[in-house]
Amino acid sequence: QTTEIVTKSFWKSLGVGFLVTIAFIPGLIILLITIIGIPVAGLAITMLALYSYLAKIVVGVAFGNWLSQKFNWKMSMFWTFALGLFVIYLVKLIPVAGGLAGLVVFWTGLGALVLNVFSKTD
């Protein structure tokens, strides 16, 4: 479901991921000021670390699906994921564009994961 969000609304997931990243630091500071919020801040940091790892996976699957559809390749889900992640890591090796591509991958995956969590599916 999350890869469909990336495919169908790339710009929305990119924007939501950017906004979550921007809002995370002030929210974390507010949580750390309060005594009760300190454990919640620890959970928030853990969730952001987990989501940042999962963001590459989500975007890798979506990008692999797009590549396999574009070139009419019949591949399993694993090879689609491996292809997408391999291309993402190749692009990240480019000196300046790689950093920007890494941010776009992170923000897009993070936004798609957040949109998936807050989506209203019955």
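Just a few scattered comments:
- For segment 85-122, the set of residues classified as open to solvent by less than 90 Å² (accessible area, probe 1.4 Å) and outside any helix (DSSP H, G or I) consists of Ile94, Ser119, listed by residue number.
- Checked against the criterion of being closer than 20 Å to Lys8 by Cα, under 18 Å from the mean Cα position of the chain (by Cα) and of a type in the set (A, V, I, L, M, F, W, C), the candidates Leu103, Leu50 yield just one match: Leu103.
- Restricted to segment 66-82, and to residues there that are of a type in the set (S, T, N, Q) and open to solvent by less than 70 Å² (accessible area, probe 1.4 Å), the residue that is farthest from Thr7 (Cα to Cα) is Ser76.
- Hey, Phe10 in contact with a helix residue (DSSP H, G or I) (Cβ under 8 Å, 6 or more places away or on another chain), of a type in the set (Phe, Trp, Tyr), farther than 19 Å from Ala101 by Cα and open to solvent by less than 90 Å² (accessible area, probe 1.4 Å) or not: no
The values are calculated or read from the model by the stated rules, or taken from the named source; none is laboratory data. Note that the structure is predicted; figures quoted are calculated from it, not measured. Every residue, glycine among them, receives a Cβ derived from its backbone with ideal geometry; neighbour counts consider all protein chains shown. Remember, those area values only see protein heavy atoms, side chains included, never the ligands or the DNA or RNA. Shrake-Rupley method; radii C 1.70, N 1.55, O 1.52, S 1.80 Å.
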